[in-house]
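Here is the structure we will look at.
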There are 2 protein chains.
Amino acid sequence: METYTIKDIARELGISTSTVSRALRGSYEINAETKRRVMECAERLNYRPNPIALSLKGSASRAIGVILPQIANYFFSQAINGIEAIAYNRGYHVIIFQSQESYEREVANVQQAMSRKVDGLLMSLSSETADVEHLQEVLDRNVPLVLFDRVSSELNVTKVVADNFGGAFAATEHLLQEGRRRIAHLTIQPWLSITQERLAGYRAALEKHGVEFDENLVRYGTFGPDEVGPMIDELMRLDTPPDAFFTASDRLAVGCLQALRQRHLHIPEDVSLIGFTNLNVADLLNPALSTVVQPAQEIGQLAAERLIDQIERKHRALPIETVRIPTELIVRSSTRTEVVNQ
Amino acid sequence: METYTIKDIARELGISTSTVSRALRGSYEINAETKRRVMECAERLNYRPNPIALSLKGSASRAIGVILPQIANYFFSQAINGIEAIAYNRGYHVIIFQSQESYEREVANVQQAMSRKVDGLLMSLSSETADVEHLQEVLDRNVPLVLFDRVSSELNVTKVVADNFGGAFAATEHLLQEGRRRIAHLTIQPWLSITQERLAGYRAALEKHGVEFDENLVRYGTFGPDEVGPMIDELMRLDTPPDAFFTASDRLAVGCLQALRQRHLHIPEDVSLIGFTNLNVADLLNPALSTVVQPAQEIGQLAAERLIDQIERKHRALPIETVRIPTELIVRSSTRTEVVNQ
DNA sequence: CACGTTCCCGACATCGTTTGCACAAATTAA
DNA sequence: TTAATTTGTGCAAACGATGTCGGGAACGTG
């Protein structure tokens, strides 16, 4: 099958390309009969407008760019599903870029997306991203931008996030109610919004229950597969070692579970463990992992909806707001000291 | 920051756009001094060529398209990582499309990718895809195409796959050596290449060990979350019910584990279970899941390498071949009848 | 009959870049 | 000195689609 252009239709019908163009987009100033013939011919040749040419002209590309740290991550892959679902329904294509947690690549991705003329951008910041100049440029160019999950307070745009404070508060309070007092918090880079909010929730719960905050129990990092173990060893060597772990990400929760088991620390007898995760096999783990679940798919959906709303009503600026979606605490064996039914 | 074009440079320097264009790409027919001035100016304005315009011209876009069933899948997300790594090293951008296991969307994705002028296409077929006409078109347009994992025998292109036969053979033989005789095989759509190869490996192992093949023990399907349970009930009601399950995908392995546990069937005492999966938490499950591991990342890498080789040596056609990568059998508690050390 | 409208439609410029060709100036050869 | 060649540069077309003009035909109105 060839690719036909508006010219082929014009030649076939012996009319000009402008007429074809207008007929195709149903302009009122084209004769109904001409329109019909053009439509028929386009149908017959299986004509598809060339989006590249359209983009060159500066019109809408009906594509939205999604830039996020990495796809191989339960939270993000589910968020993408949410985004795709909405975008598809509203007639947009989704182009996905991974920053691989690298600032440099994030900047390159933004440039790619801009120069491929996406109609809008959906982003979750890389963990290396400290300044947001590259996003300021996006705004300067008047390209709609919505941030989700990993957002920046320096940017005045619509954001969609989970209720990180509430989730962390609930998790910590749950551990406290189970009688834990030395709760370690393993989390990611300190400058990320989600890190700060979760830490705040953790501290608030401690305070409410009269447990003193001990910064020795909080660890930040990227935590590759081999780093979790040593860090746990370090924590367990403290004068009063932790009796519970609250981790702030998927990878940390799994890495922590693995490391604790390798060290023959029993969960939840010796220490209990709760994660902030979207792992869909959390209940099949050994022991079943208590988690704070973030509605990843819903976050993706809402972010996509806001973005497309902005794209389509570009004239009348939509209000900028931060949408905060509740999280859910699911208690399983890894934090339950009573009899376990599984 | 504005976006500058070749015209701006030309105006700034009082020369023509053609000269700028040629200077930028280092044409031998441009004065060294002119070149230097152009380079300096481009540098100063932070000039970036507009890829859209380049694509319109029909030249390389330095982007490759990846079309696969879904991202939220351990195998595919790891494969994407492999693809990204290679593409990035060789200076290509990756544009990802999900077919969501829908033929219709796969076709739309192919069209999108073609009209966005990707330099090549990497694909894993949706489970609905029975004919490959839409891919024939890709070849007709002379766009390099490499298939991975879910491939079609009807297409004469380079393919990168796991050794599905060998993996299934090893898994089945392992179960037989553990004394199992009624091995159920839960698999996906029968027309997919991977399904057929795995089934063949399964049969070959049975045959080698003198166990008769019973087609009642083989089930095909898409298996949504609620379908695995009823199917297991059905199998367990057979005159001689299965004493082992061999599943052909990530989702099936997890779904099966969940369903078996809900039914209080003990693993591996009552039935044993082995999966064909890339689940990175397989060893943390309860019980730890034996698996045939496919080197997903390596498959992605090899596929990307082959594709880029083809793109860059388009003139001299590279040999078409099928690369088959060995799988690895990892035995864990879910199939081990002896004492379990986990 | 002259002029204004309306209705359809085509010519042409445009977006940013590459490229074939022409052409002037400078250099070399005869 | 004249002709031929080389060197460096600009003009214009092309890619596919849109949009601004403006023009021809048919009609109505004074």
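The values are calculated or read from the model by the stated rules, or taken from the named source; none is laboratory data. Owing to the predicted nature of the structure, the values given are computational and were not obtained by experimental measurement. All Cβ positions, even for glycine, are placed from backbone atoms using ideal geometry, and neighbour counts span all protein chains on display. Heads up: the accessible areas ignore ligands, DNA and RNA and are worked out on the full protein's heavy atoms, side chains in. Shrake-Rupley method; radii C 1.70, N 1.55, O 1.52, S 1.80 Å.
Data overview
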read-out: Tally of residues being polar (S, T, N, Q), more than 8 Å from every other protein chain (Cβ to nearest Cβ) and outside any helix (DSSP H, G or I) across the stretch B:82-98; value: 0
read-out: In the stretch B:102-119, the residues that are of a type in the set (Ser, Thr, Tyr) and modelled with pLDDT under 90; value: B:Ser115
read-out: Residue tally, condition open to solvent by 10 Å² or more (accessible area, probe 1.4 Å) and either of a type in the set (Gly, Ala, Ser) or within 14 Å of another protein chain (Cβ to nearest Cβ) (or both), over the stretch A:302-320; value: 1
read-out: Selection status of A:Glu154, within 16 Å of A:Ser127 (Cα to Cα), assigned by TED's automatic domain parsing to the domain that holds A:Arg306 and acidic (Asp, Glu); value: yes
read-out: So B:Ile267, is it aliphatic (A, V, I, L, M), touching a strand residue (DSSP E or B) at 6+ places or on another chain (Cβ under 8 Å), part of a loop (DSSP other than H, G, I, E, B) and in contact (Cβ under 8 Å) with a residue 24 or more places away in the chain; value: yes
read-out: Which numbered condition A:Ala282 misses (of (1) under 19 Å from A:Thr327 (Cα atoms); (2) in contact with a Lys or Arg (Cβ under 9 Å, 6 or more places away or on another chain); (3) surrounded by fewer than 16 Cβ atoms within 10 Å (Cβ to Cβ)); value: (3)
read-out: Of all residues in the stretch A:232-249 being touching a helix residue (DSSP H, G or I) at 6+ places or on another chain (Cβ under 7 Å) and in contact (Cβ under 8 Å) with a residue 60 or more places away in the chain, the one that is nearest to A:Ala170 (Cα to Cα); value: A:Phe246
read-out: Filter pass, B:Leu122 being buried (at least 24 other Cβ atoms within 10 Å of the Cβ) and more than 10 Å from chain A (Cβ to nearest Cβ); value: yes
read-out: Residues that are part of a loop (DSSP other than H, G, I, E, B), open to solvent by less than 40 Å² (accessible area, probe 1.4 Å), in contact with a helix residue (DSSP H, G or I) (Cβ under 7 Å, 6 or more places away or on another chain) and of a type outside the set (A, V, I, L, M, F, W, C), drawn from the stretch B:188-227; value: B:Gln189
read-out: Hits in the stretch A:1-12 (condition: out of contact with any Phe, Trp or Tyr (no Cβ under 6 Å at 6 or more places or on another chain) and more than 8 Å from DNA strand C (Cβ to nearest atom)); value: A:Met1, A:Glu2, A:Thr3, A:Thr5, A:Ile6, A:Lys7, A:Asp8, A:Ile9, A:Arg11, A:Glu12
read-out: Extreme residue, farthest from B:Tyr47 (Cα to Cα), among residues of the stretch B:9-24 that are open to solvent by less than 30 Å² (accessible area, probe 1.4 Å) and under 43 Å from the mean Cα position of the chain (by Cα); value: B:Ala23
read-out: Test: residue in the stretch B:287-301 that is over 23 Å from A:Ala253 (Cα atoms) and assigned to a loop (DSSP other than H, G, I, E, B); value: yes
read-out: Residue tally, condition under 26 Å from the mean Cα position of the chain (by Cα) and away from chain B (no Cβ under 14 Å), over the stretch A:212-246; value: 10
read-out: Subset of the stretch A:25-61 [in contact (Cβ under 8 Å) with a residue 24 or more places away in the chain, more than 10 Å from DNA strand C (Cβ to nearest atom), crowded, with 16+ Cβ neighbours inside 10 Å and within 11 Å of chain B (Cβ to nearest Cβ)]; value: A:Asn50, A:Ser61
read-out: Helices (runs of 4 or more DSSP H) wholly inside the stretch B:1-81 that include at least 1 residues being near DNA strand D (Cβ under 8 Å from one of its atoms) and over 30 Å from B:Val107 (Cβ atoms); value: B:6-13, B:17-24, B:32-45
read-out: Unmet requirement for B:Val161, which otherwise passes all of (1) open to solvent by 10 Å² or more (accessible area, probe 1.4 Å); (2) farther than 24 Å from B:Cys256 by Cα; value: (1)
read-out: The one condition in (1) within 11 Å of another protein chain (Cβ to nearest Cβ); (2) open to solvent by less than 20 Å² (accessible area, probe 1.4 Å); (3) in contact with a strand residue (DSSP E or B) (Cβ under 8 Å, 6 or more places away or on another chain) that A:His134 fails to fulfil; value: (3)
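For (1) under 23 Å from B:Ala130 (Cβ atoms); (2) among the aliphatic types (A, V, I, L, M), each residue gets a yes or a no:
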{"position": "B:Thr187", "(1), (2)": "yes, no"}
{"position": "B:Ile194", "(1), (2)": "yes, yes"}
{"position": "B:Val218", "(1), (2)": "yes, yes"}
{"position": "B:Gly224", "(1), (2)": "yes, no"}
{"position": "B:Ile232", "(1), (2)": "no, yes"}
